[in-house]
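Notes to accompany the following structure.
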Amino acid sequence: MTRLEVAIERIEKARISYSRHQIIQLVAVSKYASVDQIRTLYAEGQRAFGENKVQDLELKAEALEALPIAWHFIGTLQKNKINKLIAQRPVLVHSIDSLELAGAYHERLERAGKTQRALLQINSAREASKGGVDPDEAIAIYHQIRENYPALQLEGVMTIGAHSDDRAVVQKSFETTHALFEQLKSVGAKTCSMGMSGDYELAIACGANLVRLGSVLFDHD
Ligand SMILES: *Cc1c(COP(=O)(O)O)cnc(C)c1O
């Protein structure tokens, strides 16, 4: 079996034990992968890929423009890179991590006459090393973005699981994010993006419907 097949099988098992009605999207995080490695995974059937740097997205999307890849942006976004990201038209930006970034993004989208589907990033374990909004403020910020910055079309939440060897701590960070997602469904939230190579089955058990997998999909030297 290929790495992709192994991952899909594990996702499927976790999905069914969570709910047979759940539909889970897999985004292949290609930030450490070459263009050839992306092409190989595409040939195996993968269509959604994620990058965390605007410049890498530009280079890879250009090299692979003949393929109908759905590009996701998952990284910390500097304000001075917003216009470059808009030009790339990613299908989903997972990493709106402050009201201030949302405001700047909205303004540039308006100027360009465009919209962008996006997720609000939650700092679910309140780690200083990570971006995202505090879980206690997330609902209010989500509503403020929806009301004031509508060019950014929020459709859910994203988190990076707690950086911990203690499974219970990681689980709590996913549960915190999923509870916010549930509260936001009434205003159209439909994507709960959480789970990476080391913790995606746990994330699915906590209600994730989009997982972002990098190292388990790509070989490294
Ligand atoms: C790198 C990265 C991933 C994938 O990480 P792996 O552990 O390699 O699966 C997922 N999400 C974000 C935001 C990342 O930066």
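The table that follows gives values for the structure above.
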{"item": "Strands (runs of 3 or more DSSP E) lying entirely in segment 109-221 (those with 3 or more residues that are among the hydrophobic types (A, V, I, L, M, F, W, C))", "result": "116-122, 152-159, 210-213"}
{"item": "Top-ranked residue of segment 131-164 - restricted to ones that are more than 16 Å from the ligand (Cβ to nearest atom) and hydroxyl-bearing (Ser, Thr, Tyr), ranked as most open to solvent (accessible area, probe 1.4 Å)", "result": "149"}
{"item": "Boolean, residue 28 is among the hydrophobic types (A, V, I, L, M, F, W, C), in contact (Cβ under 8 Å) with a residue 40 or more places away in the chain and within 13 Å of the ligand (Cβ to nearest atom)", "result": "yes"}
{"item": "Which numbered condition residue 172 misses (of (1) within 14 Å of the ligand (Cβ to nearest atom); (2) out of contact with any Asp or Glu (no Cβ under 7 Å at 6 or more places or on another chain); (3) open to solvent by 30 Å² or more (accessible area, probe 1.4 Å); (4) not β-branched (Val, Ile, Thr))", "result": "(1)"}
{"item": "Candidates 101, 26, 67, 77, filtered to the one that is closer than 17 Å to residue 157 by Cα, assigned to a loop (DSSP other than H, G, I, E, B) and open to solvent by less than 50 Å² (accessible area, probe 1.4 Å)", "result": "77"}
{"item": "Residue within segment 2-13 that is crowded, with 17+ Cβ neighbours inside 10 Å and away from the ligand (no atom under 16 Å from the Cβ) present", "result": "no"}
{"item": "Flag for residue 207 being within 14 Å of the ligand (Cβ to nearest atom), modelled with pLDDT of 95 or more and surrounded by 14 or more Cβ atoms within 10 Å (Cβ to Cβ)", "result": "no"}
{"item": "Those residues of segment 210-221 which are within 17 Å of the chain's Cα centre (by Cα) and more than 8 Å from the ligand (Cβ to nearest atom), in sequence order", "result": "210, 211"}
{"item": "Matching residues, segment 185-201, being within 14 Å of the ligand (Cβ to nearest atom), hydrophobic (A, V, I, L, M, F, W, C) and surrounded by fewer than 19 Cβ atoms within 10 Å (Cβ to Cβ)", "result": "196"}
{"item": "Tally, over segment 31-63, of residues that are among the β-branched types (Val, Ile, Thr), away from the ligand (no atom under 16 Å from the Cβ) and touching a residue at least 24 places away in the same chain (Cβ under 8 Å)", "result": "1"}
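The values are calculated or read from the model by the stated rules, or taken from the named source; none is laboratory data. The structure displayed is predicted, hence computed values, not measured ones. Here Cβ is always computed from backbone atoms with ideal geometry, including for glycine, and neighbour counts include all displayed protein chains. Accessible surface areas use protein heavy atoms only, side chains included; no ligands, DNA or RNA. Shrake-Rupley method; radii C 1.70, N 1.55, O 1.52, S 1.80 Å.
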